[in-house]
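Below: one structure, written as C-alpha cells.
Bear in mind these aren't lab numbers, they're just calculated from the coordinates by the rules spelled out. Values in this document were obtained by computation on a predicted structure and should not be read as measured data. Note that we place each Cβ from the backbone using ideal geometry, even for glycine, and neighbour counts take in every protein chain shown.
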Amino acid sequence: MKEKKRVYEALVDGAMEGLTGEALYDFVKTRCPKATSKKIVRASLLALSDTHLKDRNILDVIYALAIKHRLDEGVLDDGDEGDAAGSAPFSQALTRDTS
C-alpha cells in the first residue's frame, strides 16, 4: 500500500504542475522507478475516487493517463505480479461462448 500511495502522490503532484500524457507518466516513473504501468493505472483509479480532488482539469489528465495505459497491450505483461495473471481480461469474458 505504501508504494501505491507514493505513486498516487507523484501522479497528483505531476498533474498539479501541469504535466499531461507521457510527460506525466515520465514524471511518475522518475519519482517511483519501480512503478509499473499497472501500478500507475491503479494509483490513477485511487486518485479518481479521492473525494478531496475536485479540480476537473487534474482529474481529466489523470483519467486520460489511466485510459491510455490501461488500453496499452503491455500493461498486463509489464512484470507486475498480481491477480491479473490468473484471470481473463474483461473483453475476453464477454466474448466467451457459454453454450
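Values as computed for the structure displayed
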| read-out | value |
| --- | --- |
| Qualifying residues in region 11-44 (those that are touching a residue at least 24 places away in the same chain (Cβ under 8 Å) and of a type in the set (G, A, S)) - the one surrounded by the fewest Cβ atoms within 10 Å (Cβ to Cβ) | G21 |
| Scope region 16-55; condition small (G, A, S), part of a helix (DSSP H, G or I) and under 13 Å from the mean Cα position of the chain (by Cα); matching residues | G21, S37, A43, S44, A47 |
